[in-house]
Amino acid sequence: MLTVKQIEAAVYGISSDRLHDGNGLYLRLNKGGSKTFQLRLRMGTAARWITLGQFPKLSLRDARMQAVLKKAELLDPDYTPPASDSLSHMPDLPDASGVQPLFREFAKVWFDRKRLSLSNGKHIDQIWSTLKTYVFPHLGRMRLDEIKQRHVIAVFDPIWRVKHATARHTLGRVSEIFELARLLEHVEVNPADFNTKIAFGHVKKKTKHLPALEWERAPDLWTWLLECDVQEDLRQMVMGLILSAKRTKEIRFLEWADLDLKRGIWTSQSEHMKMRRTHRIPVSRQLGGVFSNMELLTQGSDWVFARPRNKSGVMSENAACILVQKFDPGITAHGLRTTFRTWARKQSKYAHDVMEMALSHEKDELVAAYMRDDLLDERRILMQDWADYVTGGAVPPQLIDLV
C-alpha cells in the first residue's frame, strides 16, 4: 500500500516506473516529473491499462475509489455508474475528513458495492442477514475508529465453535468492510485482521458432504425415472441432470440458443456458472434425445426447460430435488454430480483433468495458466460412456413416437 509521503518522494529514474498500491491501482512516474494513477485490468489473457488522473489533482483516496468503481463498470455488464462524476459528492460515501461513520452505515456502503459482483439472490440476502444477526447488535452503533480487535473478538467468540462456518464467513465480511474503510482512510488498521487460531483456539472441522447416490444404483434411478408418474418436462429435466452431471441452475436456465445439436455441443453461459466462465459440454446420444423431447414440450420458448407460470420462467430447483428424493429420501439432486465423478474414477481409464473439466471444477492457478484446452473430444468419450452405463445404451423414449 502506498502513502502520500511515498508518492511525493518518488522520482522518475530513481524509483520504479510504476508503483503498486493494490487492487490493480498503480502510480506511473513520467519522464517529465508528473505522476499518473493507472488501473491495470486483466481482460481475458491481455492486460489493459486505464488512466485515472494525475497526482495531486487526483488524491490517493479518490484514486482508490475510482479504481473500485471503474473495475465494477468494466467487469460487470449490469453496473450502473453514479450520476455525478465527482466522487467527493457521492451521498453514500462518508468523508474521511468529517465525522466518522458508524459501523452499520459504512457496512451498507460496502454491501452496495459487494452486491455488484454477485448474482445469487439467496447469497446476497445471506450476507446482509448475517451482519444484522451477529454483528450489528454489538458494533452497529459504534464509530469505525472506536472499534478495536477486542471488540471484534468478543462478537465472534460465542459462536466460533457452535456455528463455525457462519462465524468464519461473517468475520471475512467484517474484515472486508474494515479493509474498505482503511483504503478510504477512515481507519489506519483493520481490527478484523488477526490470527483466529490464537484468538479462538483450534476448531476441529468436520466436512459434511451432500448426500449422493451410490454409482452402482445410477441405472436403477434411471429405470425408476422412466416409469414414475410425474410431469413429462420435469422427468426430462432430471434425465438431463443425470446425463450431463451439471448443476441444477446450469440446466434450469439452459436456452435453445446455447445448443448446437448438429455438432453435439451445449455451451453454458458464464452468468449461470459457479465460476463465472463459459463451459462447453459434449451432448451424448441420450442427452440429445432429451433435447428432442423438450422441443415438442416447449415450442416457442427461449428456455429449454421453461415454466412460464414460475417467477423465474423456468422449472424450480426444488421440483428436481423432490423428484430425486422420491426415489431415495437420503440423496440430493446436486449429489448426482458426485455419483458421476465416483463412477468415472472407478473406471480407471479417464484422466483426472478430463473428469474435473466435465464438472467445471476450478483449476489450480498454475495449472490454469498452462492448460488452455477444454478437452472437449476427450470429454465426449467420457460423457457417452456415462450415458451408456446409466441407460443401458438406450436413448430415452421419444415423445414424437407416442403422439
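The values are calculated or read from the model by the stated rules, or taken from the named source; none is laboratory data. Just so it is clear, the structure is predicted and the values come from calculations on it, not from any experiment. Backbone-built Cβ (ideal geometry, glycine too); neighbour counts: all protein chains shown.
Worth pointing out:
- Restricting the range 317-331 to residues that are within 23 Å of the chain's Cα centre (by Cα) and either outside the structural domain of R280 (by TED's automatic domain parsing) or at pLDDT 85 or above (or both) leaves a set whose member that is surrounded by the most Cβ atoms within 10 Å (Cβ to Cβ) is A320.
- The one condition in (1) part of a helix (DSSP H, G or I); (2) under 30 Å from G289 (Cβ atoms) that V230 fails to fulfil: (1)
- Residue that is nearest to V290 (Cα to Cα), among those in the range 234-256 that are at pLDDT below 90, among the charged types (D, E, K, R) and part of a helix (DSSP H, G or I): R252
- Within the range 101-157, being over 14 Å from A181 (Cβ atoms) and in contact with an Asp or Glu (Cβ under 8 Å, 6 or more places away or on another chain) holds for D112, L116, S117, S119.
- Among the candidates A218, A192, A154, the residue that is among the small types (G, A, S) and surrounded by fewer than 17 Cβ atoms within 10 Å (Cβ to Cβ) is uniquely A154.
- So V99, is it modelled with pLDDT of 80 or more and either in a helix (DSSP H, G or I) or of a type outside the set (D, E) (or both): no
- Whichever residue in the range 175-189 is free of Cβ contacts under 8 Å to residues at least 60 places away in the same chain and within 19 Å of K114 (Cβ to Cβ) and, among such residues, is surrounded by the most Cβ atoms within 10 Å (Cβ to Cβ): F178
- Breaking point among (1) outside any loop (DSSP other than H, G, I, E, B); (2) over 26 Å from D385 (Cβ atoms); (3) modelled with pLDDT under 90, for K208: (1)
- Residues in the range 263-288 that are at pLDDT 90 or above and either surrounded by fewer than 21 Cβ atoms within 10 Å (Cβ to Cβ) or under 24 Å from the mean Cα position of the chain (by Cα) (or both) were compared, and the one that is nearest to P219 (Cα to Cα) is R285.
Matching residues to (1) within 21 Å of W128 (Cα to Cα); (2) assigned to a loop (DSSP other than H, G, I, E, B); (3) among the aliphatic types (A, V, I, L, M):
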site: R150; (1), (2), (3): no, no, no
site: R161; (1), (2), (3): no, yes, no
site: A165; (1), (2), (3): yes, no, yes
site: G172; (1), (2), (3): yes, no, no
site: I177; (1), (2), (3): yes, no, yes
site: V189; (1), (2), (3): no, yes, yes
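- Taking the conditions (1) surrounded by 14 or more Cβ atoms within 10 Å (Cβ to Cβ); (2) free of Cβ contacts under 8 Å to residues at least 24 places away in the same chain; (3) within 19 Å of A63 (Cα to Cα); (4) not hydrophobic (A, V, I, L, M, F, W, C) in turn, R48 satisfies each one other than (1).
- Inter-residue pairs, beta-carbon under 7 Å, first within 13 Å of T196 (Cβ to Cβ) and in the range 146-170, second in a loop (DSSP other than H, G, I, E, B) and not aromatic (F, W, Y), 6+ apart: Q149/P191; V152/P191; V152/A192; W160/V203; R161/V203; H164/V203; H164/K205; A167/I159
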